[in-house]
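In what follows, a single structure is set out as structure tokens and then discussed.
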Amino acid sequence: INKLIEEFSPSALIGSSLGGFYATYFSEQYNLKCVGINPAVIPPAEMSEYLGENKNYSTGEKFLITQEQLDLLDRMGKEIKVIKCPSNFMILLQSHDEKLDYRVATNFYQGTVMDVTFGGNHSFENLETHFSKIKIFLDMH
């Protein structure tokens with residue numbers, strides 16, 4: 001991911017769930033804007049149940065999550081105790097996320113632009129209704 005950021009110089013990163021964790025981590029490292037959609041905040045704790053073989057629900061492709069990968073995520077997570085530049089972040093959460101407790105994210109991302117929708121799920125229902133807000137946020141500055 002470092003190579004891609006250095007090669008393409010994006011102005012923002014967008015990610016959901018674990019992708020939201022990665023977007024947060026690299027946005028902090030490179031001072032980029034970030035949109036997190038139901039982002040994971042503490043991946044190893046949240047992902048330990050997925051240790052071993054898993055299946056991508058969209059493609060059916062099988063993949064493996066190893067302890068080594070969880071250890072790397074743990075080290076990455078420890079580098080970010082608090083968001084350094086909250087104005088770089090827009091966080092979208094749904095309270096009925098069945099995988100992640102949205103309250104963990106509301107505490108971690110304090111001071112950011114945050115939109116909590118009551119209801120929904122981990123897939124973030126009706127994301128398209130937030131596109132105009134996301135565009136406005138990304139166009140700022």
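No value in this document is a laboratory result; all are computed from the given coordinates. The shown structure was predicted, so the numbers you read here are calculated from the model rather than taken from an experiment. Backbone-built Cβ (ideal geometry, glycine too); neighbour counts: all protein chains shown.
Quick rundown of the values:
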read-out	value
Distance histogram in 5 Å bins (all Cα pairs of region 1-72, percent per bin)	4, 15, 20, 21, 20, 14, 6, 0
Beta bridges by DSSP in the chain, antiparallel share as percent, to the nearest 5	20 percent
Region 32-94: trypsin sites (Lys or Arg not before Pro) in DSSP coil with no more than 15 other Cβ atoms inside 10 Å	Lys81, Lys84
At most 14 other Cβ within 10 Å, DSSP loop - chymotrypsin sites (Phe, Trp or Tyr not before Pro), region 19-104	Tyr57
Relative contact order [Cα under 8 Å, 6+ residues apart], region 14-56, whole percent	39 percent
Size of region 15-141 as Cα extents on the principal axes (Å, biggest first)	42, 31, 24
Under DSSP loop assignment and at most 10 Cβ neighbours within 10 Å, longest GluC sites (Glu not before Pro)-free interval of the chain	1-60
